[in-house]
Amino acid sequence: MQDKANFAFLIERYNSKLLRYIKRITNVSLEEAEDILQDSFINTYINLNDFDRDLKFSSWIYRITRNQVINNFRKNKIRPQGNYIDIENDFLENIAAELEIEKNIDLGILGKNVNEILSQVEEKYREVLVLKFLEDKDYKEISDILKKPMGTIATLINRGKKQFKQELIKLNIRL
Amino acid sequence: MIDDKKTANSIMEKIEKDHVVLKPRWSFLLKNYTFWTLGSVALLVGGAASSVIIFTLVNSDFDVYRYLNGSGLSYIFMILPYAWFIFFTLFIVVAYYNIKHTKHGYRYKLRTVVLTALVASVILGFVFYYFGFSHAIDSSFGKHFPGQKPFLEKKQQMLVQPEKGLLAGTITSVDEEDSFEFEDFKGKKWTIASNYLQDPHKSFLEKFSDVIIVGEIMENNIFKACSLRPMHVMGENGKLKKERMEKRDNRLPNKENILRSNNSKRQPQKIDERRLLQMRSTECGGDQPQ
């Protein structure tokens, strides 16, 4: 009973974050996102004994959610595509600083176009950019979520940043 | 506005209603250990394959290619143990797959896992080779798999090419000062003219029974020996060696006596290894092999 109470507490803690994450990496409706999330929580519950204490719990539950998204899209034979980014100023400052364009760009303009830019970035890069700049995960966490080596994550982030910058230029956003 | 508490309650209700239960811990442990076990077994098999490759390469006598068809490269292609290379590669892939699927396998890069598996297999290969397992593995594989032959058998057959100046087999008697009796590995009996042999080569006649002779055919079953050297088997399995010796002794019952009686006639000589190496390429009276 105590375990179930604890698990209910975990759901409360991660519900909003994970729902936002699903919306960021997919273009499903809110209802569908909630269904995916419910399945993710149930899967997390079933697999609680598999939780690896070397990992942060958040990394593990993000991984399960991402896998649930992939399973859902395999079932529907559509690739996940994020189309919803609720822009926060922190994110814009973060990414502008990372791209070393913070002095040259109007964050307002970047904010207006960020959804379009991210939709043009390849899926494998968009996935890491979302985790790094929107979910604010570090390399180790991203590595644990995506089950890829840290070196690979670093490469993907670097390439993703380059592609993001190129898309900025393509959209004629003056730097 | 998302109501987290409401969502939590509805999910917990669903868990209750559907009687969702936790998967037992042992099932996850079993899965993880299975991947580790399969990965380790694949490494062991990779080690076995690499040991046979080492055994083959060490015993290949690369300097005899000159007497066989084509170039050194074609000789290498002729003796390479392809089946074992395929095995080796296959089990490295299997080891990689299993290690990658362990709990923390994703943290390692492809090249790290593959290189580690490769190095571990090669080290294991040397250990197996050292203890004579590679010979036993190759021999057993050659006997039990259709289309495969043990490497030593293949090598013995390959080295019996008298028309190309190459003969390998067993000395059956050394009665005369300038000739000895010989049976090649294909079972043909020869008289070998040994008067062209230099003394260090002649000394091998006293010490070894299985030899490789370089020379030329003089008549139907008379072969002129220009150089001679023992046919060593490096990394030979003790049990198989014993069996081989017993088989040879049964075939040639007088061999030891003949050699022993002959030894008493000759003065033991000290062999200069450096000179022997030079002599390997020395040809009979300037004749070049075909």
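Considering B:Thr112, B:Thr102, B:Thr56, the condition of being open to solvent by 60 Å² or more (accessible area, probe 1.4 Å) and of a type in the set (Ser, Thr, Tyr) is satisfied by B:Thr112 alone.
The residue list B:Phe126, B:Phe145 contains one member that is at pLDDT 95 or above and open to solvent by 70 Å² or more (accessible area, probe 1.4 Å), which is B:Phe126. Applying a threshold of 6 Å to beta carbon distances and a minimum spacing of six or more residues, or different chains, the list of pairs starting in the range B:97-114 at a residue that is within 11 Å of another protein chain (Cβ to nearest Cβ) and ending at one that is open to solvent by 50 Å² or more (accessible area, probe 1.4 Å) and charged (D, E, K, R) reads B:Tyr106/A:Lys147. Checking each residue in the range B:194-218 for being at pLDDT below 85 and open to solvent by 70 Å² or more (accessible area, probe 1.4 Å) picks out B:Asn195, B:Tyr196, B:Asp199, B:Lys207.
Looking across the range A:1-58 at every residue that is within 30 Å of A:Ser119 (Cα to Cα) and small (Gly, Ala, Ser), the one that is modelled with the lowest pLDDT is identified as A:Ser29. Note on the range A:111-135: among residues that are open to solvent by 10 Å² or more (accessible area, probe 1.4 Å) and without any contact (Cβ under 8 Å) to a residue 40 or more places away in the chain, the one that is nearest to the other protein chains (Cβ to nearest Cβ) is A:Lys124. Cβ-Cβ distances below 6 Å connect the following pairs, each with a first residue in the range B:10-22 that is outside any loop (DSSP other than H, G, I, E, B), a second residue that is among the aliphatic types (A, V, I, L, M), and a separation of six or more residues or different chains: B:Ile11/A:Ile11; B:Met12/A:Ala8. Quick one: is B:Thr170 open to solvent by less than 30 Å² (accessible area, probe 1.4 Å) and under 30 Å from A:Ile145 (Cβ atoms)? Answer is no for this residue. Every condition in (1) at pLDDT 80 or above; (2) more than 23 Å from the chain's Cα centre (by Cα); (3) open to solvent by less than 40 Å² (accessible area, probe 1.4 Å) holds for B:Leu152 except the one numbered (2).
Do you know which of the residues in the range A:1-18 that are within 21 Å of A:Ile70 (Cα to Cα) and open to solvent by 10 Å² or more (accessible area, probe 1.4 Å) is nearest to the other protein chains (Cβ to nearest Cβ)? Filtering first and then ranking leaves A:Ser16.
One line per residue, one yes/no per condition, for (1) closer than 25 Å to B:Leu240 by Cβ; (2) among the aliphatic types (A, V, I, L, M); (3) not in a loop (DSSP other than H, G, I, E, B):
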{"site": "B:Gln148", "(1), (2), (3)": "yes, no, no"}
{"site": "B:Leu152", "(1), (2), (3)": "yes, yes, yes"}
{"site": "B:Lys155", "(1), (2), (3)": "yes, no, yes"}
{"site": "B:Glu163", "(1), (2), (3)": "no, no, yes"}
{"site": "B:Ala168", "(1), (2), (3)": "yes, yes, yes"}
{"site": "B:Asp175", "(1), (2), (3)": "no, no, no"}
{"site": "B:Ile192", "(1), (2), (3)": "no, yes, yes"}
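Mind counting the residues in the range A:19-45 that are open to solvent by 40 Å² or more (accessible area, probe 1.4 Å) and under 20 Å from A:Trp60 (Cβ atoms)? Residues in the range A:19-45 being open to solvent by 40 Å² or more (accessible area, probe 1.4 Å) and under 20 Å from A:Trp60 (Cβ atoms): 4 in total.
The residue that is farthest from A:Ser40 (Cα to Cα), counting only those in the range B:15-25 that are open to solvent by 60 Å² or more (accessible area, probe 1.4 Å) and at the interface with chain A (Cβ under 7 Å from one of its Cβ atoms), is B:Arg25.
Residue-level analysis places B:Ser50 outside the set of residues that are open to solvent by less than 60 Å² (accessible area, probe 1.4 Å) and free of Cβ contacts under 8 Å to residues at least 12 places away in the same chain.
Summed over the range A:157-175, the residues that are under 27 Å from B:Leu110 (Cβ atoms) and crowded, with 21+ Cβ neighbours inside 10 Å give a count of 2.
Could you tell me whether the range B:251-264 includes any residue that is polar (S, T, N, Q), in a loop (DSSP other than H, G, I, E, B) and either at pLDDT below 90 or farther than 30 Å from B:His135 by Cα (or both)? Checking the range B:251-264: at least one residue is polar (S, T, N, Q), in a loop (DSSP other than H, G, I, E, B) and either at pLDDT below 90 or farther than 30 Å from B:His135 by Cα (or both).
Residue count for the range A:136-156, restricted to those that are at negative phi, open to solvent by 50 Å² or more (accessible area, probe 1.4 Å) and either within 13 Å of chain B (Cβ to nearest Cβ) or touching a residue at least 40 places away in the same chain (Cβ under 8 Å) (or both): 5.
The condition (being over 25 Å from B:Ile212 (Cα atoms) and aromatic (Phe, Trp, Tyr)) is satisfied by just one residue among B:Tyr130, B:Tyr106: B:Tyr106.
The values are calculated or read from the model by the stated rules, or taken from the named source; none is laboratory data. Note that the structure is predicted; figures quoted are calculated from it, not measured. When we count neighbours, we look across all protein chains shown, and the Cβ atoms used for this are built from the backbone with ideal geometry, even at glycine. We work out accessible area using only protein heavy atoms, side chains counted, and drop any ligands, DNA or RNA first. Shrake-Rupley method; radii C 1.70, N 1.55, O 1.52, S 1.80 Å.
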